[in-house]
1. Scanning region 18-32 for residues that are closer than 20 Å to residue 203 by Cα and either surrounded by fewer than 14 Cβ atoms within 10 Å (Cβ to Cβ) or within 16 Å of ligand 3 (Cβ to nearest atom) (or both), which turns out farthest from the chain's Cα centre (by Cα)?
2. Looking at region 183-198 only, could you name the residues that are farther than 16 Å from residue 142 by Cβ and either in a loop (DSSP other than H, G, I, E, B) or modelled with pLDDT of 95 or more (or both)?
3. Spot the failing condition for residue 241; the list is (1) away from ligand 2 (no atom under 16 Å from the Cβ); (2) crowded, with 16+ Cβ neighbours inside 10 Å; (3) farther than 24 Å from residue 92 by Cβ, and only one is missed.
4. Restricting to region 128-143, give me the number of residues that are crowded, with 18+ Cβ neighbours inside 10 Å and out of contact with any strand residue (DSSP E or B) (no Cβ under 9 Å at 6 or more places or on another chain).
5. I'd like the residue in region 127-155 that is assigned to a helix (DSSP H, G or I), over 20 Å from residue 226 (Cα atoms) and under 19 Å from the mean Cα position of the chain (by Cα) and, out of all such residues, is nearest to ligand 3 (Cβ to nearest atom).
6. Among the residues of region 178-218, what is the count of those that are under 19 Å from residue 45 (Cα atoms), surrounded by 16 or more Cβ atoms within 10 Å (Cβ to Cβ) and in contact with a strand residue (DSSP E or B) (Cβ under 8 Å, 6 or more places away or on another chain)?
7. If a residue must be in a loop (DSSP other than H, G, I, E, B) and either touching a residue at least 24 places away in the same chain (Cβ under 8 Å) or under 30 Å from residue 78 (Cα atoms) (or both), how many such residues does region 19-46 contain?
8. For region 101-126, which positions are in contact with a strand residue (DSSP E or B) (Cβ under 6 Å, 6 or more places away or on another chain) and part of a helix (DSSP H, G or I)?
Ligand code: SF4
Ligand SMILES: [Zn+2]
Ligand SMILES: [Zn+2]
């Protein structure tokens, strides 16, 4: 297949567009798309200190690479990386190696923190006490990332969420009837609340298979394996369903996200977010409850 623009051999055929592209045109298009997402939604401003949550996987490696490419030379913007070692032997140690290598290659400082350092327990310890690994891991990771990014003075926390992740979250929150979480999605960061670092998703308009392709073409070496604790979850089934729909009806993902973005302002206007932010009575971190979820979960696995 030939590139629609230059006739060189193509690396991708986008069914939803009906066109094929070579590696140069594909890479340029992805970069432009991310720039448009940033500009249109005012994700990054002068004076920002951007902390990239870097797992070493394909999406977070791409965010770091692009943040450095776009802003690394700007004197008014700082880029740094933050990795969290949950303590999953044979999995996270491998992905952190990739994170380290990428940071070294592009000259970005990497800040590394661990569950063990923060909570005195690794995920390998925790799964022996409670099989709900992902419940602990997700809650603990979000907590440490926010806390450490704030301590580093970050004004923005960039995550690797891509188009597929975002549309899956829209479906999941609809299926669960969770309006508050649904309203927190969207292209623009929600107004920063006390102690929460503003989260941004520069890859929100990029399909998942394109993030992996960009990495491969541009020599971004990432970690690619499945966590041994990964559970079958609602996300797993929703992902499968959306991919089947996209295959059968190309463009479904883009249409669904566009539709969500159109109705989001009305949703936010109609339903006010009831989640008031307080401080946890035990650890002082932000939460909507008296005792935060982290402190509650830590209590479950005390002995
Ligand atoms: S699959 Fe679950 S346990 Fe593994 S890294 Fe993800 S959230 Fe953590
Ligand atoms: Zn081309
Ligand atoms: Zn707490």
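1. Within region 18-32, the match that is farthest from the chain's Cα centre (by Cα) is 28.
2. Result: 186, 187, 188, 191, 194.
3. Evaluating residue 241 over (1) away from ligand 2 (no atom under 16 Å from the Cβ); (2) crowded, with 16+ Cβ neighbours inside 10 Å; (3) farther than 24 Å from residue 92 by Cβ leaves (2) as the failure.
4. Residues meeting the conditions: 4.
5. Only one residue fits best here, namely 143.
6. 8
7. Looking only at that region, the number is 6.
8. Once the filter is applied, which keeps residues that are in contact with a strand residue (DSSP E or B) (Cβ under 6 Å, 6 or more places away or on another chain) and part of a helix (DSSP H, G or I), region 101-126 yields only 103.
The values are calculated or read from the model by the stated rules, or taken from the named source; none is laboratory data. Bear in mind that the values here come from a model prediction, so they are computed numbers and not experimental data. Cβ sites come from the backbone with ideal geometry, for glycine too, and all protein chains shown count toward neighbours.
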